[in-house]
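Asker: Below is a structure I'd like to ask you about.
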Amino acid sequence: MKRVQIIGKSVRKFEDGYPIVSLTDLENRNDFENGAWVQLENHGHFAATAYFAKQHRGIGYILSLRENEPIDERFFAAKFRSAVGRRMAFADQSAYRLFNGTADGLGGLAVDVFNGIYVFRWENTALKQQARLIYAGFERAVGKGKTVVAVTPGQENAQLITGTLPDQPMPVLENGVTYPVDLTVGRSQLALEFRQIRDWVKQTSKQKKILNLFSAETGIVAAAMVGGATEAVTVDPTNRATTALQAQLAANNLEQAPVEMRTMDVANYLDYAQKHGLTFDMIAINPPAFIRGKKHAFTLEQDLPGLLEQAFAVAKTGTKILVTTTAPSYSMKHLQQTVNAAVENYTGRVTAFNNFLSPDDFLTNVSDRQSESLKGLLLSVD
């Protein structure tokens with residue numbers, strides 16, 4: 001295993017549990033080699049075992065702080081056993097997250113479960129180079145004969161690793177709502193971290209008019225219609241959002257439900273709604289970090305404040321506004337600051353009365369603030 005020298009202050013950071021290696025941690029940046037398993041040292045003293053990877057955050061992840069711990073099949077089996085033990089309360093659910101990256105001791109990998117089928121989501125190609133070893137550790141921990149599917153960055157289709165898949169898409173039942181999920185497709189179709197939000201929407205949407213902005217994976221409109229919403233408008237720049245929602249409504253025998261689906265720029269729709277005096281009882285906003293529409297690109301950092309101000313303009317007294325983000329770099333504190341800035345430019349009164357974080361199966365690493373998958377605020381227009 002290659003030995004790589006790191007700077008002194010990085011040693012304490014890793015000892016305190018921070019799991020991500022950055023280029024600035026290395027004494028010599030040329031030591032980076034994608035896919036390499038390395039021993040990090042400072043002045044000849046062992047600091048950690050890690051692996052290097054080309055990815056959006058940092059250049060790799062810490063594997064172990066124990067100098068003589070072998071990174072082998074048993075190592076990975078122990079990680080999976082621990083993860084399974086921490087998810088016992090979710091074992092009878094149709095869909096949940098079994099393994100959540102750095103929170104479970106292996107950054108770069110997430111494992112979701114759908115109807116007993118395990119979906120490995122490789123977040124970089126470097127870790128996937130060790131897939132055979134990791135799958136062996138997984139089998140040792142959970143047993144043989146499981147159906148395993150793998151999703152790799154940049155690939156549209158998932159890969160069947162072991163077992164057999166039932167006909168796809170298959171129905172996944174969550175809290176009385178059915179969501180069709182196709183495990184042969186690489187992209188996520190049902191964001192599991194929104195489970196509690198979907199539950200809240202279902203419980204509170206009766207006799208409500210819903211506006212859902214950026215809708216592809218949240219499942220919010222289907223939950224609202226099952227919960228008794230009178231009508232809904234869903235707006236997303238992508239065609240797949242409409243296709244997904246149509247399938248969800250059909251799976252719940254709601255093909256004739258009063259749901260208006262618009263494939264267009266979200267800001268343009270809000271401008272249209274304001275000009276025509278449209279208002280809504282519930283508004284859900286889940287913008288991506290970046291998306292390119294037909295005429296305009298949306299950037300979370302720059303455009304969310306203006307989008308919130310537009311949403312306030314189509315609200316009325318009693319309207320509930322749910323604003324969420326899954327962008328790793330956008331913290332709950334940042335979201336609160338953005339909402340406060342938008343409220344200051346609004347002539348009415350808006351209060352925040354609840355917040356949402358990821359459900360308990362989405363464990364977080366307390367040393368990594370960006371490991372929280374979901375941040376959400378529930379606002380009330382008074």
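Asker: Quick check on region 277-370: what does the Kirkwood estimate of hydrodynamic radius come out to from the alpha carbon pairs, in Å?
Answerer: Every distinct Cα pair counted, the radius reaches 14.8 Å.
Asker: Trypsin sites (Lys or Arg not before Pro) within region 59-128: which are DSSP loop residues with at most 11 other Cβ atoms inside 10 Å?
Answerer: On the way: sites: Arg66, Arg74, Lys79, Arg81, Arg86, Arg87, Arg97, Arg121, Lys128; in loops: Arg66, Arg87.
Answer by residue number: Arg66.
Asker: Report the gain in length on full extension from Arg74 to Gln207: 0.36 nm times residue separation, minus Cα-Cα distance, nm rounded to one decimal.
Answerer: My answer for the length gained is 42.5 nm.
Asker: Compute the long axis of helix 332-344 from its Cα atoms, compare it with the longest principal axis of the Cα atoms of the chain, and write down the angle in degrees, 0 to 90, nearest 10.
Answerer: 30
Asker: How large is Rg/Rh for region 1-144, to two decimals, with Cα atoms and a Kirkwood Rh?
Answerer: 1.00
Asker: With every atom except the alpha carbons ignored, what do you get for Rg and Dmax of the chain, in angstroms?
Answerer: Using the Cα atoms of the chain, the pair Rg, Dmax is 22.4, 70 Å.
Asker: Also, I was wondering about something else. Can you give the log10 of the normalised intensity I(q)/I(0) at q = 0.17, 0.19, 0.20 Å⁻¹, computed with Debye over equal Cα scatterers of region 189-315?
Answerer: Taken in order of the listed q values, log10 I(q)/I(0) reads -0.85, -1.08, -1.19.
Asker: Where Lys and Arg each count +1 and Asp and Glu each count -1, what net charge lies around Glu174 among other residues with Cβ under 10 Å from its Cβ?
Answerer: Surrounding charge for Glu174 is +2.
Asker: Given an 8 Å cut-off on Cα distances and at least 6 residues of separation, report the relative contact order of the chain as a percent.
Answerer: So the answer I get is 11 percent.
Asker: Within region 12-49, which GluC sites (Glu not before Pro) sit in a loop by DSSP and count at most 12 neighbouring Cβ atoms inside 10 Å?
Answerer: Here no GluC sites (Glu not before Pro) fit, given the DSSP loop and packing criteria.
Asker: With the contact rule set at Cα under 8 Å and sequence spacing of 6 or more, what percent relative contact order holds for region 209-363?
Answerer: Relative contact order, region 209-363: 21 percent.
Asker: Just check region 78-128 against the gyration tensor rule for me: Cα atoms, a ≥ b ≥ c as the square roots of the eigenvalues, rounded for a/c under 1.5, and otherwise prolate or oblate depending on whether a/b exceeds b/c.
Answerer: The shape class here is oblate.
Asker: Here's another thing I want to ask about it. Treating cross-link reach as a plain straight distance, find the aspartates and glutamates whose alpha-carbon is under 13 Å from the alpha-carbon of Lys9, omitting any fewer than eight places away in the same chain.
Answerer: Here the aspartates and glutamates satisfying the reach criterion relative to Lys9 are Asp25, Glu27, Glu41.
Asker: Give, as a single signed number, the net charge of other residues whose beta carbon lies under 12 Å from the beta carbon of Pro288, with Lys and Arg counted +1 and Asp and Glu -1.
Answerer: Value of the local net charge: -3.
Asker: Additional query: Let me have the 222 nm mean residue ellipticity of the chain computed from DSSP H runs of 4+ only, each contributing -39500 (n - 2.57), with the sum over all residues rounded to the nearest 500.
Answerer: One gets -8000 deg cm²/dmol as the mean residue ellipticity at 222 nm.
Asker: Between region 227-304 and region 307-330, what is the C-alpha centre distance in whole Å?
Answerer: After rounding, the separation between the Cα centres reads 13 Å.
Asker: Contour minus end-to-end for Gln246 and His56, with contour as 0.36 nm per residue of separation and end-to-end as the Cα-Cα distance?
Answerer: Result for the pair: 65.1 nm of gain on full extension.
Asker: Next question, about the same structure. Could you check the spin-label model distance between Val185 and Lys316? Points 7 Å from the Cα along Cα→Cβ, value in nm.
Answerer: According to this spin-label approximation, the distance is 3.5 nm.
Asker: A follow-up question, please. FRET efficiency for Asn345 and Asn253, Cβ-Cβ distance as r, R0 = 56 Å, nearest 0.05?
Answerer: Using R0 = 56 Å, I get an efficiency of 0.85.
Asker: Moving to a separate point now. Label points 7 Å out from Cα along the Cβ direction at His43 and Arg132: separation in nm?
Answerer: About 4.2 nm, to one decimal.
Asker: Right, here's the next one. Of all alpha-carbon pairs in region 1-84, indicate the percentage at a distance above 21 angstrom.
Answerer: 25
Asker: FRET efficiency for Asn354 and Arg81, Cβ-Cβ distance as r, R0 = 41 Å, nearest 0.05?
Answerer: So, using R0 = 41 Å, E works out to roughly 0.70.
Asker: Now, a different point. As an exercise, identify the trypsin sites (Lys or Arg not before Pro) in region 314-382 lying in DSSP coil whose Cβ has no more than 16 other Cβ atoms within 10 Å.
Answerer: Lys316, Arg349
Where a number appears in this text, it was derived from the coordinates with a stated rule and is not lab data. Predicted model only: the values in this text are computed from it and were never measured. Note that each Cβ is placed from the backbone with ideal geometry, even for glycine, and that neighbours are counted across all protein chains shown.
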